[in-house]
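Please read the structure below before turning to the comments.
Quick note: the coordinates plus some simple rules give every number you see, no bench work behind them. Because the structure is a prediction, the values reported are computed rather than measured. A quick note on method: Cβ atoms are made from the backbone with ideal geometry, for glycine too, and the neighbour counts reach across all protein chains shown.
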Amino acid sequence: MSTERDPGVTPRLEARGLVKTFGHVVGLAGVSLELYPGEVLAIIGDNGAGKSTLIKCLSGALALDEGEILMDGVKVEFKSPVDARRAGIETVFQTLAVAPALDIASNLYLGREVRSAGPLGRILRKLDTRGMRSTARERLTELGIGTIQDMTQKVETLSGGQRQAVAVARAAAFGSKVVILDEPTAALGVRESGQVLSLVKRLRSQGLAIILISHNMPQVFEVADRIHIQRLGRCAGVITPHGYTMEEAVAIMTGATTLDA
Amino acid sequence: MRYLATPARLKVPAAARYAALGTAIAAAVATLAACGSGNAATGTGSNSTGTAAANAKGPVQVALILKDFTNPYFISMENSAKTDAAKLGVKLSVSAGSTDGDTSTQITAIDNAIAAGDAGIIITPNGNAVNPALDQAKAHHLLVIALDTVPTPPSTADLTYATDNFEAGQLIGQYTAKRLAGKPADIAMLDLFNNQVVSVDIDRDHGFLSGMGIPVGNSGLNGAEPKSGTYKGQLGGSGSYKIACQLPTQGAVPGGQTSMEQCLSKDPNINVVYAINEPAAEGAGAALKAAHKAGVIVAAIDGGCADIPYLSSGEMTVTAGQFPGKMAADGVDAIYALAKTGKKPTATPGLGFFNTGTELYTDSPISGVKSATTSAESGLCWQA
Amino acid sequence: MTAVIEPTGEVRPREELGARVQHALHRHPAIGPASVLVASVIVFSLINHRFLNAVNLSLLIQQVAVLATLAIGQTMIILTGGIDLSVGAAAILAQMVMAQTAANNGVPGVLAILFGIAVGAATGFINGFLVTRIKLPPFIVTLGTLSVYTSIGLRYSGGQSVYATSMPKFLIWTGNYVDIGPYQLTTGVIMMLVLFAVASFALTRTAWGRHVYSTGDDPEAARLSGIKTGRVLLSVYVTAGVIFGLAAWILIGRVGVASTNNLTNANLDSITAVVIGGTSLFGGRGAVLGTLFGALIVQVFQSGIALAGVQSLYQVLAEGILVIVAVALDQWIRKVRR
């Protein structure tokens, strides 16, 4: 596996020798990767190559059989997705995990609602709805999604791209260090996909470390800094979009060629 | 470095979950049924399926199968049957469903009675599901007696002992008409249901109207009578009437209360209330009290011991009593007579059942209308 | 240069009335039933002016108090995408425990009420446990527990009713009259209104409320957001059970006698009130205040039809039509235009 980074810099997220099996089916057969702040690492691979297994292990949804995960050089153990979130890893799932009947602000703060200051909040546990709404609007504006002005809009009234934007904003809004995006443009049209990719670039420029899973080669090559190719439970290589063409990447992915390094 | 195995969601396979619940529910139902059948069917252990009449040698065996063991109405049947059986030397076994509507326990009890060679079965059926079992009993020459409600179809039982609900209604209607003594009647009719047609509902309502001499309008429905006209009591008393309102009560206190309140809102001048049973009348009485209305004639049907205080206080004016105890005792007598003499009991002429009678109770008697006072009622009520 | 998500480029024409109504109902689901309530009050009072009498209106709200309270619990459960068919049976059981321990076992009034509420909470816990741990559908669970609680209630009470004269004053305290101007309410009615206010606050203004709605709306999304949906569901069922216990107390005060026959039809009637009140049977949508309007609408129709002198079976017809209209409206609101 080739890396093109200065070995002196500590990766934000590092995985070493991850192994995960399901009975006699091998999900991951010893996968390692490194992720640095301010970069987009795309993970590509054929079906069954182990992409989702890898992501689930990194986001705490699955337990590892072997291997270790380090955040900023410190070993961490995830017993549940909440642990991963607490460590600063946010995941945007393919299904988005937004509650359609709730409004944008509620969705942004789902699971981490903010209470009012003062006795109303402490004793009666009243929520600081206004505060959450204005913060939500700020966050969305920061991410360049300012055209959605009304935070009380129910998420189901939004277009697919806007919903994706809300989900991504939620992942980026709470001081996270790593954002994992699982097939973010799979269900979107061309224009909306473009909007999501712009958002990803914006997050990168804010210093987040981003893992992007996609099988859309043009989009991957447009936005990724490095591309981790997953094949048959192992890493078949890490390339850059500058050094290789899309056809070569696909060939490595399907095993037609191998990476020399 | 090995990771500790994280408890990935332990998924109990669907089949196991349903099996677990099925077992749990079956166990619960079995326990309740076992508790419900209390002193279960006969313990003679005899497996002979010889005809019942052949048991004329030993004591006559009778199975009493009630709806449930919790409604005092059926408890009075049980007590009365036990007393009568002791007098005659009849071996009585008593069982009941775990709740009103539980037919499976009753079916088991019927089967047990057949197996034990009982001479007859006395039953208050929880539903038509027991009919095949009763037919089987008849085929084995057991006498099948139904109590309180004529089964559907009536031929399921050899005979039914019940109150003539129409007659009960008539008695209170006659009393009311005479009591009014020519005053105009402003009537509230508080029935049982408005979304189904039940014989007891129709019979009592129509009985009351006919006792008052008011035409019924449609013999199959409640509420079809002319809303105003002249009443002509069967025992005297006539004048003008109007039906101020006609509402359902579900036969319970809250329904009686709410319906009476709505009737009073519509017409504050109501002076006659017909109620399907005593709980409904209690509710109506509470509403009348809250509205500070006095002098209203409240007529109901039941004759239960618990409602004697309402009669003495005047909150309820008159009630037509039933005799569930007599129904049960007569049933025991009938089976005993069949076993000893081979004679089958017969229905009251003109009716499809044996009329166990009804009697008027009131603490404000009127001459010309036969009635008993509450002190007499406390001795008689339900003949428990 | 900042990356901006561009607007989609359509120029939205002024929304037609239909779409505006749809959006308004989407935001505030209680508007629908509130309007129907106001309209029906107007219509019935035109038919018979007695409808607006202070006495009639006071009685109306007393008549609806018990059912409306039961419907609060039912609303919470339906919001999570569940349903409770054992509502009436649980309340009856609580009622009999309160009444009998006080009348027959000499338990002081306050303690008896607490026992009853505890029994209500226990029934809720059992329902919730079967739904969350054994993972059975709420419809089936509560269909079963309906029979179980009914039998236990009948067995425990022996079919006997307990009259107010045998009970300590505290048990019928909810029946005490409270005069407000020309209107006569009861403490039970006021308790019901307070419960609605508290429930509304909890559901709309606390994190727990958000979790309840999101669990009903999309349980997977809720779980992935770190919400412990199992715990939320269990808390909803237990809270509903407590509310059923309080409803039992209001019932004793209203009726003056504790009897197992006191809540016929309550199981289905509570669901009717919730549905007419605009809460969706599919979960995640609705407002508990809507349920108050729903229960009032049913009672207004009952009372209004009685006052109109129309045959009372038309009240049954009217209820059925109201339910169908409410569900159709819910479906229309869900078809949101983007």
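Between the C-alpha center of segment A:155-171 and that of segment B:287-332 there is a gap of 68 Å.
Give me the dipole magnitude in Debye, nearest 20, for segment C:33-329 about the Cα centre, with unit charges on the beta carbon: positive for Lys and Arg, negative for Asp and Glu.
460
I'd like to compare C:180-191, C:124-135: which one has the highest average count of other Cβ atoms within 10 Å, and what's the full order after that? Write out the running numbers ahead of the final one.
Working: C:180-191: 16.5, C:124-135: 19.8.
Top of the packing list down: C:124-135, C:180-191.
Phi angles of segment C:249-255 translate, via the Karplus equation with coefficients 6.51, -1.76, 1.60 and θ = phi - 60°, into HN-Hα couplings of 5, 5, 4, 4, x, 6, 9 Hz per residue; Gly and Pro are given as x.
Charged neighbours of residue A:67, selected by a Cβ distance under 9 Å, balance to -1 (K, R count +1; D, E count -1). For segment B:55-155, the Kirkwood hydrodynamic radius comes to 13.5 Å, computed from all pairs of different C-alpha atoms. Equivalent-ellipsoid semi-axes for segment A:56-155 (Cα gyration tensor, √(5λ), whole Å, largest first): 30, 18, 13.
Please report B:231, B:336 as a ranked list, fewest other C-beta atoms within 10 angstrom at the top and most at the bottom. Could you put the intermediate results ahead of the total?
Details: B:231 25, B:336 22.
Ranking B:231, B:336 by Cβ neighbours within 10 Å, fewest first, gives B:336, B:231.
Peptide B:263-272 has a mean shielding of 3, counted as Cβ atoms of other protein chains within 10 Å of each residue's Cβ. By DSSP, the beta bridges lying fully in the protein assembly as shown are antiparallel in about 40 percent of cases.
Taking one equal scatterer on every alpha-carbon of chain A, how large is log10 of I(q)/I(0) by Debye at q = 0.11, 0.14, 0.16 1/Å? One equal scatterer on each Cα of chain A leads to -0.62, -0.97, -1.21.
Would you mind counting up the charge near residue B:74? Only other residues with Cβ under 10 Å from its Cβ, with Lys and Arg at +1 and Asp and Glu at -1. Display every interim value, and only then the final one.
On the way: positive: B:67; negative: B:68, B:78, B:100, B:148.
Overall, the nearby charge balance is -3.
Other residues lying with their Cβ under 15 Å from the Cβ of residue C:251 contribute a combined charge of -1, Lys and Arg counting +1, Asp and Glu -1.
What percent antiparallel are the DSSP beta bridges of chain A, to the nearest 5?
On the way: 23 of 41 bridges.
DSSP beta bridges in chain A are roughly 55 percent antiparallel.
On a 0 to 90° scale, report how tilted helix C:54-79 is relative to the longest principal axis of chain C, with both axes built from alpha carbons and the result rounded to the nearest 10. On a 0 to 90 degree scale, this one is about 60. For segment C:94-106, backbone phi angles converted through the Karplus equation (6.51, -1.76, 1.60; θ = phi - 60°) give residue-by-residue couplings of 4, 4, 5, 4, 4, 5, 6, 4, 6, 7, 9, 10, x Hz, Gly and Pro being listed as x. Once the Cα atoms are used to define both axes, helix C:207-217 deviates from the longest principal axis of chain C by about 70 degrees. Stokes-Einstein, applied to the Kirkwood radius of segment C:215-276 over Cα pairs at a viscosity of 1.306 mPa s and 10 °C, places its translational diffusion at 112 µm² s⁻¹. Rg and Dmax of segment B:333-379, based on Cα coordinates, read 16.7, 46 Å. List the aspartates and glutamates whose Cα lies under 20 Å from the Cα of residue B:91, skipping any in the same chain that are fewer than 8 positions away. The qualifying aspartates and glutamates are B:78, B:111, B:118, B:330, B:333. As an equivalent ellipsoid, segment C:203-338 spans semi-axes of 31, 22, 10 angstrom, where each value is the square root of five times an eigenvalue of the C-alpha gyration tensor, largest first. Considering all C-alpha pairs of segment A:155-261, those separated by over 16 Å amount to 60%.
Using +1 at the Cβ of each Lys and Arg and -1 at the Cβ of each Asp and Glu in chain A, identify which of A:255, A:175, A:129 lies farthest towards the dipole's positive end. Farthest towards the positive pole: A:129. Working value for segment C:88-179: equivalent-ellipsoid semi-axes of 28, 14, 11 Å, each the square root of 5 times a Cα gyration tensor eigenvalue, largest first. Each DSSP beta bridge with both residues in segment A:156-258 is either parallel or antiparallel, and the antiparallel ones are about 50%.
Computed over segment B:154-237, the convex hull of the alpha-carbon atoms projects to a mean area of 6.2 nm². From the alpha carbon centroid of segment B:334-384 to that of segment C:253-310 is 42 Å.
Give the Kirkwood hydrodynamic radius (Å, one decimal) of the protein assembly as shown, defined as one over the mean of 1/r across all pairs of different Cα atoms.
Numbers: mean 1/r = 0.0303 Å⁻¹.
For the protein assembly as shown, inverting the mean 1/r across all distinct Cα pairs yields 32.9 Å.
Size descriptors for segment B:223-327 (Cα atoms only): Rg and Dmax, in that order, 14.0, 41 Å.
Among C:311, C:239, C:129, whose Cα projects farthest towards the positive end of the dipole of segment C:33-329, with charges put on the beta-carbon of Lys, Arg (+1) and Asp, Glu (-1)? Sorting the options by dipole projection puts first C:129. Taking 19 Å as the limit for the C-alpha separation, the pairs A:20/A:56; A:154/C:135; A:79/C:135; A:79/A:201; B:227/B:266 exceed it in the case of A:154/C:135; A:79/C:135; A:79/A:201.
What FRET efficiency, computed as 1/(1 + (r/R0)^6) with R0 = 51 Å and r the Cβ-Cβ distance, is obtained for residue C:193 and residue A:246, rounded to the nearest 0.05?
Working: r = 67 Å, r/R0 = 1.31.
Between residue C:193 and residue A:246 the formula returns 0.15.
Of all aspartates and glutamates in the structure, those lying under 13 Å Cα to Cα from residue B:242, and not within fewer than 8 positions of it along the same chain, are B:186, B:225, B:267.
Rounded to the nearest 20 debye, what is the charge dipole size of segment A:55-146 about its Cα centre when +1 sits on each Lys and Arg Cβ and -1 on each Asp and Glu Cβ?
660
Altogether, the Stokes-Einstein calculation at 4 °C and 1.567 mPa s, with the Kirkwood radius of segment C:33-329 over Cα pairs as Rh, returns a diffusion coefficient of 67 µm²/s. For helix A:129-142, what angle does its Cα long axis make with the longest principal axis of chain A, in degrees from 0 to 90 and rounded to 10? Approximately 40 degrees, to the nearest ten.
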